[in-house]
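The values are calculated or read from the model by the stated rules, or taken from the named source; none is laboratory data. In this text, all values refer to a predicted model and were calculated from it rather than measured experimentally. Reconstructed Cβ throughout: ideal geometry from the backbone, glycine too, with neighbour counts over all protein chains shown.
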Amino acid sequence: MPRGCIEINKLKVYAYHGVLDQEHRVGNNFLVSVKLYYPILSAMKNDNLSGTLNYAEVIETIQNIMKTPSRLIENVIERIRASLALQYPLIEGGTITIEKLSPPIPNTQIESVAVTYKW
């Protein structure tokens, strides 16, 4: 069966994830990118939102999950994946990348670090 993919690219969110106490107090900018695979034929033929994934709702779910601090980005990714899988049983797989901008690593100038999970 043909599959489609909804992509959310570099959703910017300010959040409080990290191992250091400072990261929980000060926070940081994160970019969240998501690819979600689903059966696309129903949406293509019926032009109805019920046959696809509502990317506005997906974005809202991501933003809400990002509000709860975690020590590890991997934990945030799993909470996003589990919530979206529950909300959208049509999802057949996907990729989630969370990028932390300007991570507080001493003596280092770095644009970002990221974790990606594919299932």
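Of note:
- Scanning the range 95-119 for residues that are within 14 Å of the chain's Cα centre (by Cα), among the polar types (S, T, N, Q) and assigned to a loop (DSSP other than H, G, I, E, B) yields a count of 0.
- Search result, residues across the range 39-77 that are surrounded by 12 or more Cβ atoms within 10 Å (Cβ to Cβ), within 30 Å of MET1 (Cα to Cα) and under 16 Å from the mean Cα position of the chain (by Cα): LEU53, ASN54, TYR55, GLU57, VAL58, ILE59, THR61, ILE62, ILE77
- Counting residues in the range 31-41 that are touching a residue at least 60 places away in the same chain (Cβ under 8 Å) and either charged (D, E, K, R) or touching a Cys at 6+ places or on another chain (Cβ under 8 Å) (or both) gives one or more.
- Some residue of the range 78-86 being under 13 Å from VAL115 (Cα atoms), modelled with pLDDT of 95 or more and out of contact with any helix residue (DSSP H, G or I) (no Cβ under 7 Å at 6 or more places or on another chain): yes
- Residue that is nearest to the chain's Cα centre (by Cα), among those in the range 17-38 that are surrounded by fewer than 17 Cβ atoms within 10 Å (Cβ to Cβ) and not in a strand (DSSP E or B): GLY27
Every residue, every condition in (1) of a type in the set (Gly, Ala, Ser); (2) more than 27 Å from ILE91 (Cα to Cα); (3) out of contact with any strand residue (DSSP E or B) (no Cβ under 9 Å at 6 or more places or on another chain); (4) modelled with pLDDT under 95, yes or no:
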| residue | (1), (2), (3), (4) |
| --- | --- |
| ARG3 | no, no, no, yes |
| ILE8 | no, no, no, no |
| VAL13 | no, no, no, no |
| VAL26 | no, yes, yes, yes |
| VAL32 | no, no, no, no |
| LYS35 | no, no, no, no |
| GLY51 | yes, no, no, yes |
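- Any hit, the range 81-94, residues being among the aromatic types (Phe, Trp, Tyr) and either part of a strand (DSSP E or B) or in contact (Cβ under 8 Å) with a residue 60 or more places away in the chain (or both): no
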